[in-house]
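Asker: Sharing a structure here in structure tokens format.
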Amino acid sequence: MPKIFIDDRAVEVAEGLTLLQAAESVGIPIPHFCYHPAFPPEGSCRMCLVEIEGLPKLELACSTVVKEGLRVRTMSPKVVEARKSVLEFLLAEHPLDCPICDKAGECKLQDYFEEYGLFKSQFKEAKEKREKKFKLGRNLILDRERCILCTRCVRFLNEITKTEDAGILNRGIHSEVGIFESEFIDNNYSGNLAQICPVGAITDTDFRFKTRVWFLESRESICPLCSRGCNIIMDSHAGYPRTLPTRRVYRVRARQNLDVNFHWICDYGRYGYAYLDEGREDRLVWKKGDRETRLSWDKAAQILSEKIRSLVHLRKNSRIGIVLHTNLTNEELFLADRVFRKGLGVEKLFLADPPPGKGDEFLLTADRTANRRGLQEVGLPVQAPDLKALSGLDLLLIFGHYLAAGTSPSDLKNALEKVETKALFASHKSGLDGLVDFVIPVPVIAEKNGSLTNIDGRVQPFVAGLSFAGDGIAEWRALLDLARELKVEHKYFSRLASPEAIYRALRKEIPFFK
Amino acid sequence: MDEKVLTRHFGVEGLFRIDVYRGQGGYRAVETALKRMTPAAVLDEVKRASLRGRGGAGFPAGVKWGFVPQNVPKPRYLCVNADEGEPGTFKDRYLMNHNPHLLLEGTIIASYAVGIHAAFIYVRGEYEAVALRLEGAIAEAYRNGYLGKNILGTGFDLDVAVHRGAGAYICGEETALLESLEGKRGHPRLKPPFPASVGLFQCPTVINNVETLSNIPFIVQNGAGWFLKRGLPKDGGTRIFGVSGMVKKPGIYELPLGTKLRTIIFDHAGGMKEGKQLKAVIPGGMSAPILTADEIDLPMDFDSLAGAGSMLGSAAVIVIDRETSILDVLKAVAKFYSHESCGQCTPCRIGTAWINKIVKRLARGEGEQDDIDAIVRLATNIKGKTLCPLGDAAALPILSICQKFRRELEGYLPHA
Ligand SMILES: Cc1cc2nc3c(=O)[nH]c(=O)nc-3n(C[C@H](O)[C@H](O)[C@H](O)COP(=O)(O)O)c2cc1C
Ligand code: SF4
Ligand code: SF4
Ligand code: FES
């Protein structure tokens, strides 16, 4: 590991890093526009110039590779002056429409100006007039006046999607990002362009003019919409001012994880956040005939436990069925196994999942659930939810609203009518609601703590990024509550009071999760 | 001693034809090199000749060839830089038009020395006639066994192709040239890596100017000692000076390196036109910082001009008379670089355009007191901070004009 000196600080850094990466790794940020960790250095914005002892000119931090003994200055007057001059150049031809620009608040140009610029503009000439609303892609608007020509977008389309849709047209001051007239950026990763554009040149129609970024609260999460488990950031309103009271999440962004999704997420995951707020179950109800009674989970848990207890007591374990799905966390699937199968001897475990979609060669998988691998590794023996097998049961606990998919409504109705007691734990409304006795709202992945195992077997813990309000109960807690009510292995389950505690048990008991 | 080397036979009728060229001793150097010398011996001779690149930067050709790795399992390429875009420069056009086989001969020998089997001549887009002439010469060379497989029975193979540019100055910059040759936008590449290791199609590549390569046959045929005698110890051979502007006899003059600028203008180019008086000289193409009339006793070689804060560049001597407004000169320079900036990097893309806007405003009579300071400040912020040397090529002449002719420029500002 070469030892270098950054601003007189001796640091040891990994071989092969560039100065910019090396400095970043020890907490010294070097301003940059064109550099992006996903691509080889481009060296065009000239923002990252630093002073290297013994060299006459300033050198690029983004492309100079560390060498033993190198002495770098990142804040010398010469360096700061150079940064200022790059900012002055960029701003000379940049519109002053920050007040109406979606990027304001997270714009590199704005941030660096605050940090290194703060000069009075000396530009007296007319700025170039350029297209401000060029439709670049399905969700993308390009404002060519704001573009600083870092070519991140072009390189993304060349190197990541390999669709090569865009390029730089014209020359010199007339250079601009362009696409073929007959074309249009329309791929499943196009949303990343708005995210990697360091300024407000590429904006996302889904987010454009909806809010200001400083009102948003950013929370880390895992995308549950396919089995890749891309790491994401959910930007939601912290409360004030909520222009759309029904909508909490304004934007989903990629969060870097080089082992899973690099710097990207697919558009299916990026724009698929409506489910967080739409169509949610919001009331815990008990239905008798046409009558619906609201009740608390505690009450519902008592009723259900009573029912289970009597069946188990009569050795009618085989007349209990549990429908599971693979959007449950590792912890929940583990608990389902330990409570129902091992604890109560219930053998009829079914799996009802959303149908697969089309995967692509990159991140999106055909499996549109988050935790099939987790189910496999927990080792739950599940069977297909054959309606014949369901019908005639005395008690059916249905997790998830997916049972309704793929069966004809009338068949499902007939089958469920022949089940004495049916409780549905679902995050979303569905055709099942009218067919069951209990509807118990549950949180989605974004609203609970736990872990998921992605398609490659990577276990990814996460914490709730959004709060789960209302009548319902998280599945892991519901399972623990039932276990407690039923006095199943009290000593064992009483220690598992949180997803973290459950995960510890999981790690101890199942080698895969070590 | 007849000083001329490269242009010596220019008067010979039909020199561009292979038989005439051979009649003047042409292609003997190829025989010498390929049949009697090892590649290493050729390389060594070129190194000892202190032949510095004629394209602008003056890098020693032999040293450059020596950088090319011989042990990588990739083809190596030679690119002949015939883009000749530097304003004021027209020497390569003469060389290729009059004596295309000389360039081919140099190309063959250089390729032999470096172990290259494919060479491209990148010709300026506007040089259509030159391209045709080169293609004719190449066809002749193939027919006569100087190109193709097993050249002169020596087992050495070489193919040469002509590629025409599309009229961008930046494509004369060696890495932009490579991009352009690969069919991409002529955007200079970030260096390192240098073309000698990662060049055309990611393969080791030598890029040399037309005039540089045209010297090779003479070095091989007459030896480095002979060549050095025609120039300076650290700067061997002659240079073709392309003189333009307010002189009686504009044109190309092949003279030993180190010839005084005064001699070039007043003895060879016939002095100033009737009634005109010398005001300034741009000594090495538009990219070279300007010299005043007092500075023309400088010897014209790379080091002397660098010492005087200018550069020999492409040795295009642009002579400016007193009646020519320095603002017009500045306008031409600012406009050219703003127009030719590839636009890739921030300081050059925006800085050259900004300066151009100020200069245009100045020329419209709408100057403001701090305009010259602004131009100097902006050019200083371009200098040394760009991706390719075009930034400096723009900033340095502009700075020199503002410094050396500040009084005259101030005359264009509104009076306080
Ligand atoms: C903007 C720019 C334009 C250039 N144009 C030319 C050109 O037209 N012809 C040329 O030979 N070299 C040109 N050069 C220099 C080349 O980059 C390179 O140094 C040269 O071709 C190397 O050959 P040499 O070593 O034989 O001179 C240019 C350089 C720059 C920065
Ligand atoms: S649109 Fe954005 S990402 Fe693309 S070149 Fe311009 S500033 Fe860079
Ligand atoms: S200095 Fe000018 S020509 Fe060279 S890369 Fe930068 S913008 Fe292009
Ligand atoms: S980040 Fe180094 S030049 Fe842009």
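Asker: Once the convex hull of the alpha carbons of the range B:238-321 is built, what does its volume come to per residue, in cubic angstrom?
Answerer: Details: hull volume 5.6 nm³, N = 84.
Measuring per residue, one finds 67 Å³ for the Cα hull of the range B:238-321.
Asker: Considering every residue in A:36-46, what mean count of other chain Cβ atoms within 10 Å of its Cβ is obtained?
Answerer: Working: counts 0, 0, 0, 0, 1, 1, 4, 9, 12, 5, 10.
Rounded to a whole number, the mean comes out at 4.
Asker: Separate question: Among A:SER296, A:SER76, what's the order by accessible area (1.4 angstrom probe), most exposed first?
Answerer: If we order A:SER296, A:SER76 from most to least accessible, we get A:SER296, A:SER76.
Asker: On to the next question. Report the full-extension gain for the segment B:LEU152 to B:ASP373: residue separation times 0.36 nm, less the Cα-Cα distance, to one decimal in nm. The partial results should precede the final answer.
Answerer: Numbers: separation 221, 0.36 × 221 = 79.56 nm, distance 6.24 nm.
That pair, B:LEU152 and B:ASP373, stretches by 73.3 nm at full extension.
Asker: From largest to smallest, what semi-axes in whole angstrom does the range A:220-365 give when each is the square root of 5 times an eigenvalue of its alpha carbon gyration tensor? Kindly include the intermediate steps, with their values, before the conclusion.
Answerer: Details: eigenvalues 261, 107, 34 Å².
Whole-Å semi-axes of the equivalent ellipsoid: 36, 23, 13.
Asker: If you take the beta carbon distance between A:GLN376 and A:ALA501 as r and set R0 to 30 Å, what does 1/(1 + (r/R0)^6) give as a FRET efficiency, to the nearest 0.05?
Answerer: Details: r = 23 Å, r/R0 = 0.76.
So, using R0 = 30 Å, E works out to roughly 0.85.
Asker: Does any residue of the range A:108-145 lose at least 30 Å² of accessible area with all protein chains in place compared with its chain alone, and if so which ones (probe 1.4 Å)?
Answerer: Buried on complex formation: A:GLN122, A:PHE123, A:LYS124, A:GLU125.
Asker: Now for a separate question. Based on the alpha-carbon gyration tensor of the protein assembly as shown, what equivalent-ellipsoid semi-axes (square roots of 5 times the eigenvalues) come out, in whole Å, largest first?
Answerer: Working: eigenvalues 1096, 202, 100 Å².
Semi-axes (√(5λ), whole Å): 74, 32, 22.
Asker: Right, here's the next one. So what are the three principal axis dimensions of the range B:18-228 from its Cα atoms, in whole Å, longest to shortest?
Answerer: Principal extents (largest minus smallest coordinate, Cα): 41, 38, 33 Å.
Asker: In degrees, nearest 10, range 0 to 90: what is the angle between the Cα axis of helix A:77-92 and the longest Cα principal axis of chain A?
Answerer: Once rounded, the angle reads 80 degrees.
Asker: Counting alpha carbon pairs within less than 8 Å and at least 6 residues apart, what relative contact order, in whole percent, applies to chain B?
Answerer: Working: 839 pairs, mean separation 65.9, N = 416.
For chain B, the relative contact order is 16 percent.
Asker: Calculate the FRET efficiency for B:GLU366 and A:SER467 from the Cβ-Cβ distance with a Förster distance of 60 Å, rounded to the nearest 0.05.
Answerer: Details: r = 62 Å, r/R0 = 1.03.
The pair B:GLU366/A:SER467 has a calculated efficiency of 0.45.
Asker: On to the next question. Which peptide among A:214-220, B:50-56 comes first, and what is the full order, when sorted by highest mean count of other Cβ atoms within 10 Å?
Answerer: Averaged packing, sorted descending, gives the order B:50-56, A:214-220.
Asker: Next question, about the same structure. Calculate the all-directions average of the projected area of chain A's alpha-carbon convex hull, and give it in nm². Write down the numbers at each step before the final one.
Answerer: Values: hull surface 114.3 nm².
The Cα convex hull of chain A, projected and averaged over all directions, gives 28.6 nm².
Asker: List every residue whose amide H lies under 5 Å from the amide H of B:PHE241, counting only residues 5 or more places away in sequence or on a different chain, with H placed 1.01 Å from N in the peptide plane.
Answerer: The answer is B:TYR253, B:GLU254, B:LEU255.
Asker: Still on this structure, please answer the following. Return the calculated 222 nm mean residue ellipticity for chain A, to the nearest 500 deg cm²/dmol, obtained by summing -39500 (n - 2.57) across DSSP H runs with n ≥ 4 and dividing by the residue count. Don't skip to the answer; put the middle values down first.
Answerer: Values: 14 runs with 119 residues, N = 514.
For chain A, the value works out to -6500 deg cm²/dmol.
Asker: Testing the spin-label approximation: label points 7 Å from Cα along Cα→Cβ at B:THR38 and B:TRP226. State their distance in nm.
Answerer: 2.3
Asker: Now, a different point. Assuming R0 = 30 Å, can you tell me the calculated FRET efficiency for the pair A:ASP290 and A:HIS313, based on Cβ-Cβ distance, to the nearest 0.05?
Answerer: Values: r = 32 Å, r/R0 = 1.06.
Here the calculated transfer efficiency is 0.40.
Asker: While we're looking at this one, here's another question. Please report the net charge: other residues with Cβ closer than 14 Å to the Cβ of B:PHE201, K and R +1, D and E -1.
Answerer: Details: positive: B:LYS74, B:ARG76, B:LYS184, B:ARG189; negative: B:GLU179, B:GLU182.
After counting each charged neighbour, the total is +2.
Asker: Let me ask you something else. Which whole-number percentage describes the relative contact order of the range B:238-321, with Cα contacts under 8 Å and a sequence gap of 6 or more?
Answerer: Working: 185 pairs, mean separation 29.6, N = 84.
Once normalised by length, the contact order is 35 percent.
Asker: Suppose only helical runs count, i.e. DSSP H with n ≥ 4. What mean residue ellipticity at 222 nm does that imply for chain B under -39500 (n - 2.57) per run, divided by all residues and rounded to the nearest 500 deg cm²/dmol? If you can, show how the numbers build up before the last one.
Answerer: On the way: 16 runs with 163 residues, N = 416.
About -11500 deg cm²/dmol.
Asker: Determine which lysines satisfy two conditions relative to A:LYS108: a Cα distance under 16 Å, and not lying fewer than 8 residues away in the same chain.
Answerer: A:LYS84
Asker: Okay, next question. For the range B:314-319, take each phi angle, set θ = phi - 60°, evaluate the Karplus expression 6.51 cos²θ - 1.76 cosθ + 1.60, and give the result in whole Hz per residue in order, putting x for glycine and proline.
Answerer: With coefficients 6.51, -1.76 and 1.60, one gets 8, 6, 8, 9, 9, 9 Hz.
Asker: Per-residue mean of other chain beta-carbon atoms within 10 angstrom of the beta-carbon, peptide A:170-182? Can you show the working numbers first?
Answerer: Values: counts 1, 12, 15, 13, 5, 7, 1, 0, 0, 0, 0, 0, 0.
Averaged over the peptide's residues, the number is 4.
Asker: What does the C-alpha gyration tensor say about the overall shape of the range A:44-117? Classify as rounded when a/c is under 1.5, otherwise prolate if a/b is larger than b/c, or oblate.
Answerer: prolate
Asker: PRE reach from A:TYR275 (point 7 Å along Cα→Cβ): which of the range A:333-352 fall under 15 Å by backbone N?
Answerer: Backbone N within reach: A:352.
Asker: Per-residue HN-Hα couplings for the range B:49-59, Karplus 6.51 cos²θ - 1.76 cosθ + 1.60 at θ = phi - 60°, whole Hz, x for Gly and Pro?
Answerer: For the range B:49-59, the Karplus curve yields 6, 6, 7, 9, x, 8, x, x, 7, x, 6 Hz.
Asker: How long is the gain from A:ALA366 to A:LEU258 if the chain were fully straight, where each residue apart is worth 0.36 nm and the alpha carbon distance is subtracted?
Answerer: Numbers: separation 108, 0.36 × 108 = 38.88 nm, distance 2.12 nm.
The span from A:ALA366 to A:LEU258 would gain 36.8 nm if fully extended.
Asker: Another one. Using only the alpha carbons of the range A:307-359, what is the convex hull's orientation-averaged projected area in square nanometres? Mind dumping the intermediate values first?
Answerer: On the way: hull surface 17.3 nm².
Mean projected area for the range A:307-359: 4.3 nm², to one decimal.
Asker: Zone of A:ALA10 (label point 7 Å along Cα→Cβ, backbone N under 15 Å): which residues in the range A:54-70?
Answerer: Residues A:68-70 qualify, since their backbone N sits under 15 Å from the label point.
Asker: With unit charges on the beta carbon (Lys/Arg positive, Asp/Glu negative), name the residue among B:SER197, B:ILE151, B:VAL80 whose Cα is farthest towards the positive pole of the charge dipole of the range B:18-228.
Answerer: Farthest along the dipole direction, towards plus: B:SER197.
Asker: To check my understanding: the extent here is largest minus smallest coordinate of the Cα atoms along each principal axis. What are those three numbers for the range A:153-242, in Å, largest first?
Answerer: Dimensions of the range A:153-242 along the principal axes of its Cα atoms: 46, 33, 20 Å.
Asker: Only Cα pairs within less than 10 Å get springs; with that Gaussian network setup on chain B, which residue of B:THR107, B:THR38, B:THR154 has the largest fluctuation?
Answerer: B:THR154
Asker: Please list the non-local residues whose amide H lies under 5 Å from the amide H of A:HIS237, H modeled 1.01 Å from N, same-chain partners needing a gap of 5 or more.
Answerer: Close amide H contacts, sequence-distant or interchain: A:GLU217, A:TYR250.
Asker: Here's something else I'd like to know. Divide the volume of the convex hull of the Cα atoms of the range B:326-410 by its number of residues and quote the answer in cubic angstrom per residue.
Answerer: Values: hull volume 6.1 nm³, N = 85.
Hull volume normalised by residue count: 72 Å³.
Asker: Hey, for a label at A:ARG484 modelled as a point 7 Å past Cα toward Cβ, could you say which residues of the range A:288-303 have their backbone N under 18 Å away?
Answerer: Backbone N within reach: A:296-303.
Asker: Please report the relative contact order for the range A:3-75, taking Cα pairs under 8 Å with a sequence separation of at least 6, and give it as a percent rounded to a whole number.
Answerer: Details: 127 pairs, mean separation 30.4, N = 73.
It rounds to 42 percent for the range A:3-75.
Asker: For the range A:313-326, just list the computed ³J(HN,Hα) in residue order, Karplus coefficients 6.51, -1.76 and 1.60, θ = phi - 60°, integers in Hz, with x standing in for Gly and Pro.
Answerer: Once θ is set to phi - 60°, the couplings for the range A:313-326 become 4, 7, 6, 9, 3, 6, 9, 10, x, 10, 9, 10, 8, 9 Hz.
Asker: Next question. Magnitude of the Cβ-charge dipole of chain A, K/R +1 and D/E -1, about the Cα centre, nearest 20 debye?
Answerer: Details: 75 positive and 71 negative charges, 250 e Å.
Here the size comes out at about 1200 debye.
Asker: Considering only DSSP beta bridges whose two residues both sit in the range A:354-474, what percent are antiparallel, to the nearest 5?
Answerer: Numbers: 4 of 13 bridges.
Close to 30 percent.
Asker: May I pose another question? Assign one of three labels to chain B, namely rounded, prolate or oblate, based on the Cα gyration tensor with a ≥ b ≥ c the square roots of its eigenvalues; rounded applies when a/c is under 1.5, prolate when it is not and a/b is larger than b/c, and oblate otherwise. Write out the running numbers ahead of the final one.
Answerer: Details: a/c = 2.16, a/b = 1.58, b/c = 1.37.
Verdict is prolate for chain B.
Asker: Return the average number of partner chain Cβ atoms within 10 angstrom of each residue Cβ along peptide B:350-359. Write down the numbers at each step before the final one.
Answerer: Working: counts 14, 6, 2, 8, 9, 1, 3, 8, 3, 0.
Rounded to a whole number, the mean comes out at 5.
Asker: Here's something else I'd like to know. For the residue pair A:LYS388 and B:ARG48, what label-to-label distance in nm results when each label sits 7 Å from Cα along the Cα-to-beta-carbon direction?
Answerer: Each label point lies 7 Å from its Cα, and together they span 9.8 nm.
The values are calculated or read from the model by the stated rules, or taken from the named source; none is laboratory data. Just so we're clear, the structure is a prediction, and the values are computed from it rather than from any experiment. Cβ sites come from the backbone with ideal geometry, for glycine too, and all protein chains shown count toward neighbours. For accessibility, only protein heavy atoms count, side chains too; no ligands or nucleic acids. Shrake-Rupley method; radii C 1.70, N 1.55, O 1.52, S 1.80 Å.
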